[in-house]
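The values are calculated or read from the model by the stated rules, or taken from the named source; none is laboratory data. Bear in mind the structure is a predicted one, so any value in this text is a computation, not a measurement. Reconstructed Cβ throughout: ideal geometry from the backbone, glycine too, with neighbour counts over all protein chains shown. For accessibility, only protein heavy atoms count, side chains too; no ligands or nucleic acids. Shrake-Rupley method; radii C 1.70, N 1.55, O 1.52, S 1.80 Å.
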Amino acid sequence: MIPPSHPRYRSLITRERLARCAQKGIVTPEGLAAHGRGEAFDYLIGERTTDSACIAERTAAALLKSARHPVISVNGNTAALAASEISSLQKASGALVEVNLFHRTEKRVQQIEHLLCEAGADVFSGESERLLPLHHDRAWCRRGGIFSADVVLVPLEDGDRCEALVGMGKTVVAIDLNPLSRTARTASLTIVDELTRALPQITHACYGLSKNEGIDLIASLDNHYLLTDAIREMTMRLSHALD
Ligand code: PTJ
């Protein structure tokens with residue numbers, strides 16, 4: 001029997017929640033596969049927040065707090081795993097919350113918006129348009145939301161859209177346990193940490209950061225260092241795996 005305080009217990013509860021959300025159509029089959037990839041990388045990094053991820057989370061808070069128009073983009077996996085954490089981060093950062101999907105259907109958009117509202121988020125809804133320079137359904141977003149944002153937080157984003165957002169001149173903050181993914185390498189700032197650990201840390205930092213610390217964190221942002229350090233942590237754990 002695994003004790004409730006053990007990270008493995010949490011991951012079993014999380015899997016059950018995702019499976020329930022998949023049955024309702026909130027999470028797609030591709031979303032379940034993406035979660036499995038995330039679990040594997042989380043295992044490699046030791047199911048904990050590393051020091052460099054902690055710096056990345058504080059820098060994300062600084063970017064959100066100093067943005068003119070910050071937006072948190074939410075997909076099916078993020079809503080299923082962390083609707084209430086998104087709501088708390090919205091309150092701490094003042095960011096707009098917009099549902100933006102890879103496998104887009106109107107029904108899924110509405111289901112996910114409903115889930116977020118139930119968790120206390122104030123969801124930006126209304127007319128979507130094909131505004132991002134992409135050829136598929138991922139081009140859809142709202143003119144007053146992601147399209148006009150200067151800073152976008154994209155938990156679990158796909159590489160094409162991340163690249164498109166960066167190409168539009170936005171500061172893109174990704175949460176992605178895979179430091180080798182195209183999203184991780186394209187984003188302005190990548191938090192290599194598990195979503196439900198990362199979001200509360202960003203929220204906490206939004207309340208605690210001084211203006212000067214925020215300025216210093218943004219000035220010293222080095223995404224290449226953050227990715228290299230995550231790979232170093234994983235490699236180190238692997239090389240001692242059988243000790
Ligand atoms: O709900 P939709 O239709 O918008 O689809 C969402 C998914 C996640 C299916 C879609 O965006 C997708 O396919 O994403 P990717 O390209 O598979 O990227 C997801 C990334 O998130 C992968 O690199 C995973 O390792 C990582 N990941 C998965 N679960 C977590 C995670 N990172 C942090 N925390 C997690 N819990």
The Kirkwood hydrodynamic radius of the chain, taken as the inverse of the mean 1/r over all distinct Cα pairs, in Å, comes to 18.0
Can you give me the P(r) profile for segment 63-135? Cα pairs, bins 10 angstrom wide beginning at 0, each as a whole percent. 20, 51, 27, 2
To the nearest 20 debye, what is the magnitude of the charge dipole of the chain about its Cα centre, counting +1 on the Cβ of each Lys and Arg and -1 on the Cβ of each Asp and Glu? 340
How much of the accessible area of the chain, in percent, comes from carbon and sulfur atoms when a 1.4 Å probe is used? 56
Among L81, T171, A53 the positive-end extreme of the charge dipole of the chain (Cβ point charges): L81
Note down the nm distance, to one decimal, between modelled labels 7 Å out along Cα→Cβ at K107 and at Y225. 4.9
Let me know the charge dipole size of segment 82-138 about its Cα centre in debye, to the nearest 20, where only the beta-carbon of Lys, Arg (+1) and Asp, Glu (-1) is charged. 180
Determine, for each peptide in 182-189, 130-137, 150-157, the mean count of other beta carbons within 10 angstrom over its residues, then list the peptides with the highest first. 150-157, 182-189, 130-137
Round to a whole angstrom and tell me the spacing of the C-alpha centers of segment 19-70 and segment 75-116. 13
Where nothing but the Cβ of Lys and Arg (+1) and of Asp and Glu (-1) is charged, how large is the charge dipole of segment 51-109 around its Cα centre, in debye to the nearest 20? 180
Trypsin sites (Lys or Arg not before Pro) within segment 51-88: which are DSSP loop residues with at most 15 other Cβ atoms inside 10 Å? R68
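Number of Lys-Lys pairs in the chain under 25 Å by Cα, sequence gap 8 or more or different chains?
Counting lysine pairs in the chain gives 7.
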Once Lys and Arg get +1 and Asp and Glu get -1 on their Cβ, which of A187, G159, S128 lies farthest toward the positive end of the dipole of segment 128-243? S128
Where in segment 2-21 does the amide nitrogen come within less than 11 Å of the point 7 Å from the Cα of E118, taken along Cα to Cβ? 21
